[in-house]
Amino acid sequence: MFDLTSVVYSALIIVGTYIAFRVIDTLLDHFLEITVFRRIWRWLSKEFKKFLTRLRPIKTSFQFAVRVEANEPSKIKEALIQLIETISKKYQEQIKFSSLTWADDDTLGSTNVSYNEWKFEMNMHIAKYYDYEPEQEVLIPHKNAKNAVSDGTAFSIEANFPFYQLDQMLLTLGALTNLIREELKEICYVEEFSKGMFVITPIKGDFTMDHWIKEKQFDVSLLLKAREKVLVNLYPKKAEVIFPTMQIDNKVSEYLRATILNYYL
């Protein structure tokens, strides 16, 4: 039989306990500048959110660009097709690509990649010309440009993963991007590779700084610069982690992990 009194009594105990802990924390913070229970609650909350990523994986995309010798867009497309075919033949036991599809204007190629039991979605955008903004985007395509040649291609490799598999995902992704980089050097004349950038979306976006910003509904963004030349751009709906090279190393993993913990979970 459903005992309404017991349910109400239990709920009151939980609410009362929570209020008591908050009062204790407020007093400790005021007199000793420590918050014991708040830290415990935050830790438990983070652990629970980490667990939920097993059911609802984190979504991130790794982006980089390459400047190549200026050529007709059709020639750049042929080089990208050859890139996929070459990697498929050389590493057919490890890497599988789905059929490469192209948008109507032949500037955006898409394929799904299976590599060491990980699945990625890769897009390749042939830009009209290369425009690199290191503190904003890896490659800004100019859609209105009417150049007859192209000299830039932007890559975006999307991954979905639970938090506990972050390191394994980065290890596989790093190996895949290294293969792409080395094969591109063999297929066409590469002038420059851009920095690497991870884009995480959506984030909590709760870093407004004062009442006036909230009142006027400004879009707030923050630019964080680390000593290791790593940049973290925070926007209301996404976070960008930009690092000096395409190399995905332990330092990149550290900043990506911290960004997810602080602004995604």
Set K46/K251; K119/K225; K96/K195; K119/K238, cut-off 29 Å on Cα-Cα distance; pairs above it are K119/K225
Distance in Å, no decimals, from the C-alpha centre of segment 217-265 to the one of segment 94-112 is 28 Å
Given 49-57, 242-250, the highest-first ranking by average Cβ count within 10 Å works out to 242-250, 49-57
Going fewest to most other Cβ atoms within 10 Å around each Cβ, Y264, Y164, Y91 line up as Y164, Y91, Y264
Simple SL model, points at 7 angstrom along Cα→Cβ for T201 and E85; separation in nm is 3.3 nm
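Any read-out appearing in this document is the output of simple, stated calculations on the displayed coordinates, not a laboratory observation. Note that this is a predicted model, so its numbers are computed, not measured. Glycine also receives a Cβ, built like all others from the backbone with ideal geometry; neighbour counts cover every protein chain displayed.
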